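In what follows, a structure is listed as structure tokens, so that the remarks can point back to it.
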Amino acid sequence: MASVVNGRRTSDLGDRETVVVFLIGMRVNRLWEFWSWMPVLAAMPRMILELAKDPSRGLLGRPRTFISGRVVMVVQYWNSFGDLERYARDPKAQHLPAWRAFNRRVRDNGSVGIFHETYRVAAAAAETICVNMPPFGLAGATATIPITAGRHTAAARLGVRPGDVA
């Protein structure tokens, strides 16, 4: 379990130019057809475990999973789009066989849906804040630093209004 970090902190993206935010998930459309959606649900933990064991693949930090009704969504941060794409297309990795199995078994039957969104974000266009909690989101996937003078608001951290005061 992550430890609470007291105070106001923001992400430290170092000299990074971009970061990739990747949202991936599924929606169970027919609850009673568990044989259709259970393999889709079971595939994601295997991929996350594989990625966690090999940081050189480019996944930053630990992904976070959110469940809302019939939707399961995983938020991931990647070093680059190239890293994400290499993993997705690697025939020796967990993703490509799972994707092919999904397409063979259930792609067109409507029992389960999948989605993903990919955002290439300029590091200068991203800002975070975590207050009195373990580092979370982008801050949890990279590193954190204390919020210092001149960076107390989102506008200041984004450079929209340098020196902005809350």
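The values are calculated or read from the model by the stated rules, or taken from the named source; none is laboratory data. The structure presented is a predicted model; accordingly, all values stated were derived computationally and were not measured. Glycine gets a Cβ as well: all are built from the backbone with ideal geometry, and neighbour counts include every protein chain shown. For accessibility, only protein heavy atoms count, side chains too; no ligands or nucleic acids. Shrake-Rupley method; radii C 1.70, N 1.55, O 1.52, S 1.80 Å.
Remarks
- Cβ-Cβ contacts under 6 Å between residues 6 or more apart (or on different chains), taken from a first residue in region 49-64 that is basic (Lys, Arg) to a second residue that is open to solvent by less than 40 Å² (accessible area, probe 1.4 Å) and not in a strand (DSSP E or B), are listed as Arg57/Leu51; Arg57/Tyr87.
- Strands (runs of 3 or more DSSP E) wholly inside region 1-109 containing at least 3 residues that are at pLDDT 95 or above: 18-28, 59-68, 71-78
- Considering residues of region 151-166 that are touching a Lys or Arg at 6+ places or on another chain (Cβ under 6 Å) and in a helix (DSSP H, G or I) only, the residue nearest to Ala124 (Cα to Cα): Arg157
- Within region 138-150, being touching a Gly at 6+ places or on another chain (Cβ under 9 Å) and outside any helix (DSSP H, G or I) holds for Thr142, Ala143, Pro146, Ile147, Ala149, Gly150.
- Just one residue in the set Ala52, Ala2 is surrounded by fewer than 14 Cβ atoms within 10 Å (Cβ to Cβ), in contact with a strand residue (DSSP E or B) (Cβ under 8 Å, 6 or more places away or on another chain) and closer than 19 Å to Val75 by Cβ; that residue is Ala52.
- Filtered residues of region 98-107 (kept if free of Cβ contacts under 8 Å to residues at least 60 places away in the same chain and open to solvent by 70 Å² or more (accessible area, probe 1.4 Å)): Trp99, Arg100, Arg104, Arg107
- The residues listed here are Gly137, Gly159, Gly113; of these, the one that is of a type outside the set (Val, Ile, Thr), open to solvent by less than 50 Å² (accessible area, probe 1.4 Å) and more than 30 Å from Met44 (Cβ to Cβ) is Gly159.
- All positions within region 121-133 that are out of contact with any Ser or Thr (no Cβ under 6 Å at 6 or more places or on another chain) and of a type outside the set (A, V, I, L, M, F, W, C): Glu127, Asn132
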